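For reference, the structure discussed in these notes is given below.
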Amino acid sequence: MRTIKLTLAYDGTDYAGWQVQQGRRTVQGVLEETLRKITRETVRVTGSSRTDAGVHALGQVAAFWTNSHLEPAVFRRALNALLPRDVAVLEAAEVAEGFDPIGQAVRKRYRYVIHDGPVRNVFHRHYCWKHPQPLDAEAMDRAATALRGKHDFASFENRGSQRLSTIRTILDIRVQRGWGDQRDQVTIEVEADGFLYNMVRNIVGTLVEVGRGAKPVEWVAEVLRSADRRLAGPTAPPQGLFLMWIEYGLA
């Protein structure tokens, strides 16, 4: 049995998330169905991140196991020929038996995009949170520094998670105002050794409370220390979130 690793990009707008769900269109579902057509096997695909409905990916990593003798490059071409146009296989490679796309990931990076200009951009509506008022990106960035390092991030985890621990390490987090003609755009990037359920979207919702002037910069540190989800900000909508990349350690 061979192990094939895939790196994927997808627009999550028309999907009920990554994970297979009965009667609903998911990224994992269309990928497995396409591989079944190619290999004539019942193929199970494991993804590193179970992105939610409406969330996008530029560098999702997944793996499947097959008896097929097709070369990875052939898998990539065949998948891209048959998959819906909102999913693309960027890379395909054969990897060692035992590769675990979830357990062997050592860091991931997400980007969240907010549009806070006076007029909505109709072409970006599926790829950003349209916030109704201008945000103070500098204050948000200062507040975010409290989240760097190893902490208990229970305040930023929604119910429904099966994680045994809420301890994670944020390696990098930054908030910045857009550049050039994108001055009405705020981006938040978060890199960590792992993420809890809705952790990035809850961090974004909390930082936006600071950005809109409802809470002081110091409040984010207080929320973190509380380990109480009820004290944090709301969960930001899904369409502004992008999984950027996933890094793996040595086998």
Among the residues listed as Thr206, Thr235, the single one being over 19 Å from Ala53 (Cα atoms) and not in a strand (DSSP E or B): Thr206
Looking only at region 61-85, how many residues end up being of a type in the set (Lys, Arg) and either surrounded by fewer than 19 Cβ atoms within 10 Å (Cβ to Cβ) or not assigned by TED's automatic domain parsing to the domain that holds Ile38 (or both)? 2
Condition (residue is assigned to a helix (DSSP H, G or I), touching a strand residue (DSSP E or B) at 6+ places or on another chain (Cβ under 9 Å), of a type in the set (A, V, I, L, M) and surrounded by fewer than 23 Cβ atoms within 10 Å (Cβ to Cβ)) applied to region 222-231: is it met by at least one residue? yes
Going by the conditions given, is Asp116 of a type in the set (Asp, Glu), touching a residue at least 24 places away in the same chain (Cβ under 8 Å) and under 16 Å from Val220 (Cβ atoms)? no
Under 26 Å from Glu191 (Cα atoms) and part of a helix (DSSP H, G or I) - does that describe any residue in region 59-66? no
I need the full set of residues from region 126-165 which are under 18 Å from the mean Cα position of the chain (by Cα) and either acidic (Asp, Glu) or at pLDDT below 95 (or both), in order please. Glu157, Asn158, Arg159, Gly160, Ser161, Gln162, Arg163
Can you find a residue in region 166-177 that is surrounded by 13 or more Cβ atoms within 10 Å (Cβ to Cβ) and among the acidic types (Asp, Glu)? no
Considering only region 76-87, I want to know if a residue exists there that is more than 14 Å from Thr46 (Cβ to Cβ), assigned to a strand (DSSP E or B) and of a type in the set (Asp, Glu). no
Restricting to strands (runs of 3 or more DSSP E) lying wholly in region 100-203: which have 2 or more residues that are touching a Gly at 6+ places or on another chain (Cβ under 8 Å) and of a type outside the set (Lys, Arg)? 105-115, 167-177, 185-192
What pairs come up if the first residue lies in region 44-68 and is touching a residue at least 40 places away in the same chain (Cβ under 8 Å), the second is surrounded by fewer than 20 Cβ atoms within 10 Å (Cβ to Cβ) and aromatic (Phe, Trp, Tyr), and their beta carbons are under 8 Å apart, counting only those six or more places apart or on different chains? His56/Tyr127; Leu58/Trp245; Gly59/Trp245; Val61/Tyr248; Ala63/Phe99
If Ala154 meets every condition in (1) closer than 21 Å to Ser49 by Cβ; (2) in contact with a strand residue (DSSP E or B) (Cβ under 6 Å, 6 or more places away or on another chain); (3) among the hydrophobic types (A, V, I, L, M, F, W, C); (4) surrounded by 15 or more Cβ atoms within 10 Å (Cβ to Cβ) apart from one, which number is that one? (2)
Residues of region 17-55 being over 20 Å from Arg76 (Cβ atoms) and touching a Gly at 6+ places or on another chain (Cβ under 9 Å), in sequence order, are Gly17, Gln19, Val20, Gln21, Arg24, Thr26, Arg50, Thr51, Asp52, Ala53, Gly54, Val55
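The values are calculated or read from the model by the stated rules, or taken from the named source; none is laboratory data. In this text, all values refer to a predicted model and were calculated from it rather than measured experimentally. Cβ: placed from backbone, ideal geometry, glycine included. Neighbour counts: every protein chain shown.
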